[in-house]
Every structure is written in C-alpha cells, then in structure tokens.
Amino acid sequence: MHVVIATDGSRESLAAARHLQSFADPAKITTITVVAVIRPLAAVAFADELSPASRKGAGAETLSFREAARSAVDTIATELRKWGPKVKTKIRSGSPASEIIKEAELTDAGLVVVSAGGRGLTDTVLVGSTAQRVQHYAPCPVLVVRAAPRGGSRKRSR
Amino acid sequence: MADTGITDDRSQADGRPDELTRSITGRLLYFYVLGDVLGSGIYVLIGAVAGAVGGAFFLAFAVGVTVATLTGLAYAELVTKYPQAAGAALYVNKAFRNKPLTFLITISFLSSSFAASGSLASGFAEYFLSVWDLPPVLLITLAFLLALTIINFIGITESVVTNMLMTFVEVAGLIVVMIIGVWYIAQGNADFGTLTEFNSEGSPILAVVSGVALAFFAMTGFENAANVAEETIDPKKAFPRALVGGMISAGVIYVLVAIAAALTVDVGTLADSDAALLEVVKAGIIPVPVGFMTILFAIIAMIAITNTTLVSVVTQSRILYGMAKEDVVPSAFAKIHPTRRSPVFGLAFSFVVVAGLLIVGTLLNRAGAGIDVVERLATVTVVFLLFIYALVIVSCLKLRGHDEDEDTFRANTPLLIIGLVGNLVLLGYVLYDDPASLWWVGGLLAIGVVLYLVEVAMGSRNRPPGAERGDPGIAREGDR
C-alpha cells in the first residue's frame, strides 16, 4: 500500500506521522510519500516549525519557502526511514487540499494521513479546513489525526 | 526493509528526482504582474496627474512606465538568478554584503508598502462614497483594511484563479473608459489639441516630470512579483517575459486610458475629482444609463484597488516574518497561527500601522494642514521605491558575472543605466519639490528602528550569553 503523509510544517503533522507508526504494520506499507504544499500567494507560503535548523537560518535576506518546505518534509522523512518502508518526499505548490489529493491520485495511494487542523468557528464555517476538504474528495481512505486535547502541553505552560 | 530505507535515503540526498511541482505558469504570472500594477494607481491618482501636467498628461504615464519597465528588467535578471521570495533585500544583500544597508532596504520596502496600502485604502473610500456616501471616509478606509487583513488571515488570497479573475475585472474597467474615448472620437467631438496642452505655469518639461513623479505610483507593484518567484514554472524564461510583458501591457493601457480621459472630460474637472475616472463615465457619452454605469464602474474600481491592496498586505506580513526569522525584529512576527498558518501578529501590526497613517493624515487635515492623504502617501511610497529601484539596478550591474549560467536572463546594460538615471532624476525631483515628504519617510523608518530596538532590548533574554544576533543553530526558549 502506498501512503501519502501531508505536512504543513506544523508539529501536529509530525504527530500525525508518528500516530501512523504507532499502530500500522510497516511490512504492509510499500512506499510512503511525505508531501508539503507551498501556498505561493499566502502571507507566509510555508512555515517550517519542525526542523531545528530552520528556526533561525532563513531570514529577511534569503527568505526561501521552498527550503522551509524541504526541511519540513526531510524531518518527517528521516523519522519514517527508521521505521521501515521506502520513503519519498515531494513538494508541491498551490491550494493544499487539492494538491494533497492530486498526489494521492498520482501515486495511487491507499491511505492519506493529515493532521486535523482547527475546529474553531472560522475554520468550519468560513472556508473549511484542509483536512475537511481532503476527507471529502480524496480517492482513498483518510486518516485525520487529532492533536492531544487543547492546551495540553504548550499553551497551558505559558 | 531497513536496508531499502537507507539506500533510498542516499539516492534522495543526491538527485531528488521528480519532486518539484511548481504551480505558477508564465501566463498566471503575467496576470499577477498586470493586476498588481494596474490596480495601484490609475484608479486613484489620474486626477492628480492631470492637474500637475495638463491635457498632455498621458506623457507622464508613458515616461513613468518606461522608467519602471527598465527597472523591471533589472528585477527580471535578478529573479532569474535568485528565485526566492525576499526580493530587493536579497539582491542588495548579495551585491553589497552590508547588513545595515540590507536592513535599510527591507525597512524602506516595508514602509513603502505601508504607505501604498494607506493611499489605496483612501482611493477605495472615494469610489465607495460615489456609490453610497453615508459613512465617513475614515470609517470606510479602516473597515476596508480590516476586511483585507481578515481575508489574508483566513487565506482566501491563496487562490491564483481569484487573482486572475480580479485582473480581468480591472482590465474590463479600463476598457470601458477606452470604449467611451473611441465612441467620442467616432462622434467627431474630440479636440485633439487637448493632448498637447500643458499646465500654464512653468515649463512643459517640469510639468511632465512632476506628473511622472505622481504617475510613478501607478507603475509600482511589479516588484511584488518576486513574492512568487520560487513557485514559477521555468522562471528563467517565464519571469522576464511575464514581468516586462505585464508592464508594457499596463503602460499601453494607461496611455490609452489617459488619452481617452483627456479627450472626454475637461482637465480641470479631472483634477478636481476625487475619483477621476468616474468623471469619464459620468460624462454620459455612450448610450447606457449613467446611473448604472457609475455604480458598475465604481465597483470595478473598488475590485481593482482591493486586488493590489491584498497583495501589499501579504507583502508586509511576509517581510515582517522574514525579519523576525532573521532576528532583527521581535520573534512574535514569526509566530504562525497553528491551523490557519498565517502570521497573525504581523498582519495585525500592518493593520495598526496603516490605520495609524490614515488617522494621523485625517487629523492633520482636520487641523487645517490641508493635506491630501492619498497624494501625500503616494509621494512617500514613490520616494522609497525610487530609492530601492535605483539600488536594485546598481545591484544587478554589480552582480554581473556571479551566479550566471547559459540561460540566465541578461538585461541590456545601456537600458539599465538609463533606468538608473531615470530613477535618480525622479527621486531628486520629488525630494526637491516636496521636502516635507521626508518627515513622513523619517516617521515610517522610525517604526523600523523602534522594532529593532525592541528586539535588542527583549531579544538578549532569548539568546545564550555570547551568542551573536541571527546566529543559526540557536533554538530559543520558546521554540523548544
């Protein structure tokens, strides 16, 4: 089975990848594609909060969203490689949901893994989150991983 | 299984095959440039330009777009060499390797973008009032800016298609003006003598230069195309074509619109109008009800201005994000909303600064200073941009022979030098003609310095002792 794991550079997306590892059988997964989608017209086209290097490196002078996406997929791919299956990485640009679906169709994926995204009013009422759109239109089953209950770690500690 | 994983790791590190998909085609980029350039000035400033030059004000647009396109050549060359989102700051850094200069450019670009947003928001309000003139101007401008900030937070601007549709609407509006002009000429009413008339005071050349200085605002916006450089398919071919093609198209449209406006409406009426292109529509030349056309055209103008302002709000928060990553402004600007993936604090800050500019402008006006906020902010934008453009051309020339390969786009050197001279002449004229604009320039630059000082004061707590500012590899307390 081919599995597509989407990352938006958030910790939640790394948690989603880890969640897959926590229960799935690596012997049954032939290939994993880690995909990141750059949104060229958004205020911040891609923000990588995963890899330690990118926390400082790219700045006002060298701002490269492609590098940010690159380091985010590499961080997740590196973790997954220890697990077993063959891991590919892919960076696409455009609207996240439709690019994730395209990748799933292209690779004939058997599963798409995304993190849940928000559940606030703006997310559900105004536009609908990426995860919701992927659920609606994906050509295969979708694993939507919810993060631990809000404020569990970072927010409450502040 | 573990073995395949490792071999795969190696092959990935070497070639990384078939993983690049970029989404912006040359055509989309062309519309992006065209939409950005068209919205930014003609709807807002044509009256002021007409007032400065006289009937021949189309010349100001022609000269302005020429200088801007020559600068665009330098941008096109640099973008094909360094296709990253940072734009002018990146090029100047590559050319001079001088931190304070790069910082100055970044702050100047940010400031010009703030001033442009303010100017555009005021222009939006003037068209809005022609449809429904109840609310006070300041309220409309602030509501407009707030709405755009929220749109950018949610991320609706991600859609390239929306952007292209808006550009079609903008062009449609200007085509309406041209049709009115052609209709008028076909009726035989046109007096072509108007097109060679200059403002009675002073020499024609000075009149044109002062017009260019104002009209130059209408040519800006193309520099935002660097925002999407990384995601352009085949940037080395697509970028120069789209950028120069977009600018030339915009220039031709401008000149034709300016001629149409000059022929159909008295120059004095244009100059006195807050929403000058509406006067052309209101003249009732084509056999369509004026009331309907006025509202339709006002809506088109508002869409045009919205499009450009959206991009400038994106640019502002993007620059702040980059600077925060670089550690020259407080790290809050790099904070990304967990689910919307937007820089909340940066967007809010931009809103506050632009709103502040508009409120200060309005208050000064009430106090009897007689300031036209739109024109004032447009001039301030132009001062910053002329400075940046000149430096970008110098950077382009200085970086010749570096990072080149056989398919790098190479701009014509004499043309670049003409562009450089053009930018400097205009900069000199604007500062000579309107030294008061330096106060506003200084005020906006001061915001940058304050941010930097806040970072110096607060930031040292975040760094381990002895670590340098911007040192990569230091993770902050909050990041762990």
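Data overview
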{"quantity": "Within straight-line cross-link reach of A:Lys82, lysines at Cα separation under 18 Å, skipping those fewer than 8 residues along the same chain", "calculated": "A:Lys28"}
{"quantity": "Euclidean distance between Cα centres, the range B:231-309 to the range B:346-404, Å", "calculated": "22 Å"}
{"quantity": "Dipole moment magnitude, nearest 20 debye, the protein assembly as shown about Cα centre, only Lys, Arg, Asp, Glu C-beta charged", "calculated": "2360 debye"}
{"quantity": "Amide H partners (placed H, <5 Å) of A:Lys88, local residues excluded", "calculated": "A:Ile32, A:Thr33, A:Val34"}
{"quantity": "Taking A:Phe65, B:Phe297 and counting other C-beta atoms within 10 Å, the order from fewest to most", "calculated": "B:Phe297, A:Phe65"}
{"quantity": "Under the span-like rule (Cα at least 20 Å along the axis, Kyte-Doolittle mean at least 1.0), DSSP H helices of chain B", "calculated": "B:26-53, B:58-81, B:99-131, B:137-154, B:160-186, B:235-264, B:290-326, B:344-364, B:373-398, B:413-433, B:437-459"}
{"quantity": "Interatomic Cα distance distribution for chain B, bins of 10 angstrom, percent", "calculated": "4, 19, 30, 26, 13, 5, 2, 1, 0"}
{"quantity": "The protein assembly as shown: mean projected area of Cα convex hull, nm²", "calculated": "30.4 nm²"}
{"quantity": "Built amide H within the under 5 Å cut-off of A:Val145, gap 5+", "calculated": "A:Val114, A:Ser115, A:Ala116"}
{"quantity": "Least to most buried among B:Thr102, B:Thr162 (fewest other Cβ within 10 Å first)", "calculated": "B:Thr162, B:Thr102"}
{"quantity": "Per-residue mean of C-beta atoms belonging to partner chains within 10 Å, peptide B:318-325", "calculated": "6"}
{"quantity": "3J(HN,Hα) from dihedral phi, the range B:399-412, Karplus parametrisation 6.51/-1.76/1.60, rounded to Hz, x for glycine, proline", "calculated": "8, 4, x, 9, 6, 9, 9, 4, 9, 5, 6, 10, 6, 5"}
{"quantity": "Residue-averaged 222 nm ellipticity for chain B, from DSSP H runs of 4+ at -39500 (n - 2.57), nearest 500", "calculated": "-24000 deg cm²/dmol"}
{"quantity": "Likely footprinting exposure, B:Phe168, B:Phe128, fewest C-beta neighbours within 10 Å first", "calculated": "B:Phe168, B:Phe128"}
{"quantity": "Lysine pairs meeting the criterion (Cα under 19 Å, 8 or more apart or interchain), as found in chain B", "calculated": "10"}
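Read the figures in this text as sums done on the coordinates, not as results from a lab. All figures in this text were calculated on a predicted structure; none of them were measured in a lab. Virtual Cβ from ideal backbone geometry, glycine too; neighbours counted across all protein chains shown.
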